[in-house]
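Working notes, structure below.
The values are calculated or read from the model by the stated rules, or taken from the named source; none is laboratory data. The model shown is predicted, which means the values in this text are computed figures rather than measured ones. Cβ placement follows ideal geometry from the backbone for every residue including glycine, while neighbour counts extend to all protein chains displayed. In case anyone asks, the SASA skips ligands and DNA or RNA and just uses the protein heavy atoms, side chains included. Shrake-Rupley method; radii C 1.70, N 1.55, O 1.52, S 1.80 Å.
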Amino acid sequence: MDELIRELYGKPRPGPHDHARVWWRVTARRRRRRLSWAVIPATAAALALILLILRDQPMETGRQILLTAATSAASATSQGTYWHVRKVYDGVRETELWVTRQGRAWTAEQGRVTRVTGRSPFSMAGRDLTFAEIQALPSDAAELRERVAAMLPAGSQSLLADALGGLLWTKPSPPGVRAAAYRALADLPEVRYLGTATDDRGRAGEAFSFGLPSGVRRTLIIDPGTSQVLSSEDGTRSELVLVAGWTDEGPR
């Protein structure tokens, strides 16, 4: 039949658009094949990027919270006659501390006030700190980190986060120093953000933890809006911070 058709009508000729149509189909098939192989690594790269963002999101969120607390700390007041701290240890023992700018100090427990003599009421890694030394600390985060690291005993750099954390509430740090301590903690990789938490009094805050030389981790709950530390807990002892700031009302 094919030979008869060729004898009657001659060899069939392709239409004017047949070559273009065939070429388009061939190249389209090649493009689909190339795209199918290209989609695999592109999809894998996109998934890896998403996982990386999700992994780093808590860290970046915690860093932003600490920087917010730093801004609050920088604007806090430091006016008053006495540096006053009132804490509750392990949920039962309440203590108070008053310190003047000249270094005179008193403690109180169960209503009994005692004058502190013989040593400074402030320390860092077992080393006494005077009121003047605390006031002289730098307000730049990098400089503060270097200064505090130099004040630690040799081989105890694992105390750096804890020493910086102590400047937030246990010591009469100037507003600029407290702000710098928050910024320095925000840049320490060992500081972990644990999320929103409440202390034993039901006060809401943001929880952060860091390791101690003993192998346990200290957890601080802070209120970034006021820059105040609400509580501290290290697995063996808890401290609930009721007051930490300047006042004109001294020990009674």
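Computed from label points 7 Å out along Cα-Cβ, the spacing between E60 and Q135 is 4.2 nm.
If you add up the charges near L137, with Lys and Arg at +1 and Asp and Glu at -1, over every other residue whose beta carbon is less than 14 angstrom from its beta carbon, what do you get? Spelling it out: positives minus negatives among the neighbours equals +2. Straightening the chain between L242 and Q157 buys 27.6 nm, computed as 0.36 nm per residue apart minus the Cα-Cα spacing. Close amide H contacts of V243 (hydrogens built in the peptide plane, cut-off under 5 Å, sequence separation of 5 or more or a different chain): R86. Largest accessible area first, the listed residues M151, M124 line up as M151, M124 when surface is computed with a 1.4 Å probe on the assembled protein chains. By the Stokes-Einstein formula, at 1.306 mPa s and 10 °C, segment 98-252 with its Kirkwood radius over alpha-carbon pairs has D equal to 97 µm²/s.
Counting heavy atoms of the protein chains alone, I134 has an accessible area of about 0 Å² for a 1.4 Å probe. Spacing of the modelled spin labels on D223 and L194, each 7 Å from Cα toward Cβ, amounts to 1.9 nm. Hey, could you get me the Stokes-Einstein D for segment 143-207, Kirkwood radius over alpha-carbon pairs, 20 °C and 1.002 mPa s, rounded to whole µm² s⁻¹? Translational D for this selection: 165 µm²/s. Using 0.36 nm per residue and subtracting the Cα-Cα separation, the extra length available between E143 and E109 on full extension is 8.5 nm.
Each peptide in 185-196, 67-78 gets a packing score, the mean of other Cβ atoms within 10 Å over its residues, and the list from highest to lowest is 67-78, 185-196.
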